[in-house]
Amino acid sequence: PGCKRKPENIAKYLLYPGDILVSRAGSVGLSYVVKECPESIFASYLIRFRAIPPIESDFIGLYLKSPQYWLTIADETAGIAIPNVNATKLKRLEIPLPPLAEQKRIVAKVEELLSRVNVVRERLAKVKDILKRFRQSVLATACSGHLTAVWRKRYPNQEEAGQLIVRIYQERLRQYERLCFAAKKEGQKKPRKPSNLEPQIHHTEFELEIPDSWFWTSLKDIASIKQYAMSSGPFGSALGNKDYKNFGVPVIRGKNIQNGFFFLKDFVYISEEKAAELARSHAEPGDVVVVAVGTSGQAAIVPNNLTRSILSQNCNKISVDKSLALPEFVLFFLQIEIAKNQLREKTTDTARPFLSLTNLKETFIAIPPLEEQQEIVHRVAEVFKLAEGIERKVATAVSNAQRLKQAILAKAFRGELVPTEAELARQEGRSYEPASDLLAKIKAQEKEVKRKYNKSSLTI
């Protein structure tokens, strides 16, 4: 598109079925056999490789995927700053060439076996989605009370919601009074009275029936009353690329939070001095971090081995009051559809989707008695442990399938996958055309092929 004239000698670059394309830069050595090709030409970063008939293009194409080939390519590209392969290097490739009939048998057998391997790999790939749906089903069952229905019958004498709210209020009030007393003793200003000192029971119209012993409340109500218990990352230019260092206090970003898991990698860091300036954005082990920008609503718990960290601009955090709720249960609830829908509705649609701290505070969550939360967390952890075990086995199977593919190709080009033409000829009492005769025919045809394709192809 946009070209005013065709390149000169365009016929030189036309592709035909059976042509093999080899990447000479970037993904060095990757190849593809052209099957059906409307009139088109190949890009400058590709080398067109054309096998001389009667050599099977598919046979050469399989060799270019074999371990033997990749070892050769590794030798050819070793010591080069930017790996590359050129036509001269490809011409030096030594390819084991059996008689034509044996080439056909090798291609047929390899394609048969690889198709089986591919079926296995496709089935294994589906397991990941199955396990994802399984986890979602477990969380939905856990956060609706169905997972612990029998447990509640066995332990019916749980603290009622109203009694729990009164107790939590009294505990928080005593805690606040202690803070006020400590401030007065040290001659400091009295701390601001927390807005969630008395947690509230909310009535909602969500399509989620919960047990009578559970109640709806907001994330703000289950947060601790300590200062900055619910906080966001720094505003505007308070934190940016200019502040990042190679070491120091790690900064939590959206990429650290994925599908309920916290990833301890890909951190950027800031100095201790900068971290002191951003006290309101500190995060501690056990805090629930919720992504606010981009993939908003993703959540995870800060692990115990991340003793000190800072939120980036695209994260919010909740320090949960553990006498009312467990961080793990809060995380479970934030991953079910009722919570996800709320977070989506509360995300503003600006240049980038954004979940504000104010809106996050008003997100509702169904809370069971603390002992039932502990039971739910325990049961979910056990089930997820089984799922993780399956994932590890699947990952091993995927790796084995890839190794099996390479083993099949390696055997094929060592002459071990199918009976050789010489062996079959002996068994059947017949003669056969050895590869040397095939090469002689190829040499005889080479001049004709070069003339036909205007000397544009690589030959064997």
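Scanning the range 229-268 for residues that are among the β-branched types (V, I, T) and out of contact with any Leu (no Cβ under 8 Å at 6 or more places or on another chain), which turns out surrounded by the most Cβ atoms within 10 Å (Cβ to Cβ)? Show your work before the answer.
Restricting attention to the range 229-268, the residues satisfying the condition of being among the β-branched types (V, I, T) are 249, 251-252, 257, 268.
Still in the list and also out of contact with any Leu (no Cβ under 8 Å at 6 or more places or on another chain): 249, 257, 268.
On the way: V249: 19, I257: 23, V268: 17.
If we take residues in the range 229-268 being among the β-branched types (V, I, T) and out of contact with any Leu (no Cβ under 8 Å at 6 or more places or on another chain), then I257 is surrounded by the most Cβ atoms within 10 Å (Cβ to Cβ).
Among the residues of the range 300-352, which ones are under 10 Å from A283 (Cα atoms) and basic (K, R)?
R308, K317
Look through the range 127-173, keep the residues that are within 18 Å of Q373 (Cβ to Cβ) and among the charged types (D, E, K, R), and return whichever of them is most open to solvent (accessible area, probe 1.4 Å).
Ranking the candidates gives K153 first.
Looking only at the range 229-274, count every residue that is in a strand (DSSP E or B) and among the small types (G, A, S) and tell me the total. Reasoning before the result, please.
Of the range 229-274, the ones in a strand (DSSP E or B) are 230-232, 245, 249-252, 257-258, 261-262, 268-270.
The next check asks that each one be among the small types (G, A, S); those that pass are 231-232.
Counting residues in the range 229-274 that are in a strand (DSSP E or B) and among the small types (G, A, S) gives 2.
Criterion first (surrounded by 12 or more Cβ atoms within 10 Å (Cβ to Cβ), touching a residue at least 60 places away in the same chain (Cβ under 8 Å), touching a Ser or Thr at 6+ places or on another chain (Cβ under 8 Å) and assigned to a helix (DSSP H, G or I)) does E391 satisfy it?
Taking the combined requirement at face value, the residue does not satisfy it.
Which one of the conditions (1) out of contact with any Pro (no Cβ under 8 Å at 6 or more places or on another chain); (2) at pLDDT below 95 does W151 fail to meet, given that it meets all the rest?
(2)
Which one is nearest to L331 (Cα to Cα) among residues in the range 175-220 that are under 34 Å from the mean Cα position of the chain (by Cα) and not in a loop (DSSP other than H, G, I, E, B)?
We begin by selecting, within the range 175-220, every residue under 34 Å from the mean Cα position of the chain (by Cα); these are 206-210, 216-220.
In the following step, the residues that additionally are not in a loop (DSSP other than H, G, I, E, B) were identified as 216-220.
On the way: W216: 16, T217: 15, S218: 14, L219: 11, K220: 15 Å.
My answer is L219.
So, in the range 294-316, exactly how many residues are hydrophobic (A, V, I, L, M, F, W, C) and open to solvent by 20 Å² or more (accessible area, probe 1.4 Å)? Walk me through it before giving the result.
If we filter the range 294-316 for residues that are hydrophobic (A, V, I, L, M, F, W, C), which is where we start, we get 299-302, 306, 310-311, 315.
From what is left, the residues that are open to solvent by 20 Å² or more (accessible area, probe 1.4 Å) are 301.
Selection size over the range 294-316: 1.
Give, as residue ranges, the helices (runs of 4 or more DSSP H) completely inside the range 317-369 that count at least 1 residues that are among the hydroxyl-bearing types (S, T, Y) and open to solvent by 50 Å² or more (accessible area, probe 1.4 Å). Let's see the steps before the verdict.
On the way: elements: 327-334, 337-346, 357-361.
Output list reads 357-361.
Could you look through the range 28-43, keep only residues that are in a loop (DSSP other than H, G, I, E, B) and open to solvent by 90 Å² or more (accessible area, probe 1.4 Å), and pick out the one that is modelled with the lowest pLDDT?
Restricting attention to the range 28-43, the residues satisfying the condition of being in a loop (DSSP other than H, G, I, E, B) are 28-30, 34-40, 42-43.
Applying the additional criterion that residues be open to solvent by 90 Å² or more (accessible area, probe 1.4 Å) yields 30, 35-36, 38-39.
Details: L30: 89, K35: 86, E36: 79, P38: 73, E39: 76.
The extreme case among them is P38.
Any idea which of (1) closer than 21 Å to Q175 by Cβ; (2) in contact (Cβ under 8 Å) with a residue 24 or more places away in the chain; (3) open to solvent by 20 Å² or more (accessible area, probe 1.4 Å) is the one P285 doesn't satisfy?
(2)
Can you tell me which residue is farthest from D58 (Cα to Cα) among those in the range 395-413 that are aliphatic (A, V, I, L, M) and open to solvent by 30 Å² or more (accessible area, probe 1.4 Å)? Spell out how you get there, then give the answer.
Step one: list which residues in the range 395-413 are aliphatic (A, V, I, L, M), which gives 395, 397-398, 401, 404, 407-410, 412.
From what's left, open to solvent by 30 Å² or more (accessible area, probe 1.4 Å): 395, 397-398, 404, 407.
Numbers: A395: 30, A397: 28, V398: 25, L404: 20, A407: 18 Å.
By that ranking, first place goes to A395.
Among the numbered criteria (1) β-branched (V, I, T); (2) modelled with pLDDT of 80 or more; (3) part of a helix (DSSP H, G or I), which single criterion is violated by I442?
Against the list (1) β-branched (V, I, T); (2) modelled with pLDDT of 80 or more; (3) part of a helix (DSSP H, G or I), I442 comes up short only on (2).
Would you be able to say whether some residue in the range 370-383 is more than 22 Å from I210 (Cα to Cα) and open to solvent by 50 Å² or more (accessible area, probe 1.4 Å)? Can you show your working first?
The first filter runs over the range 370-383 and keeps only residues more than 22 Å from I210 (Cα to Cα), leaving 382.
Filter once more, keeping what is open to solvent by 50 Å² or more (accessible area, probe 1.4 Å): 382.
The answer is yes, given that some residue of the range 370-383 is more than 22 Å from I210 (Cα to Cα) and open to solvent by 50 Å² or more (accessible area, probe 1.4 Å).
The values are calculated or read from the model by the stated rules, or taken from the named source; none is laboratory data. On a predicted model such as this, the values are computed, not experimentally measured, just so you know. Cβ coordinates were reconstructed from backbone atoms using ideal geometry, including for glycine residues, and neighbour counts include every protein chain displayed. Areas reflect the complete protein model, heavy atoms only, side chains present, ligands, DNA and RNA absent. Shrake-Rupley method; radii C 1.70, N 1.55, O 1.52, S 1.80 Å.
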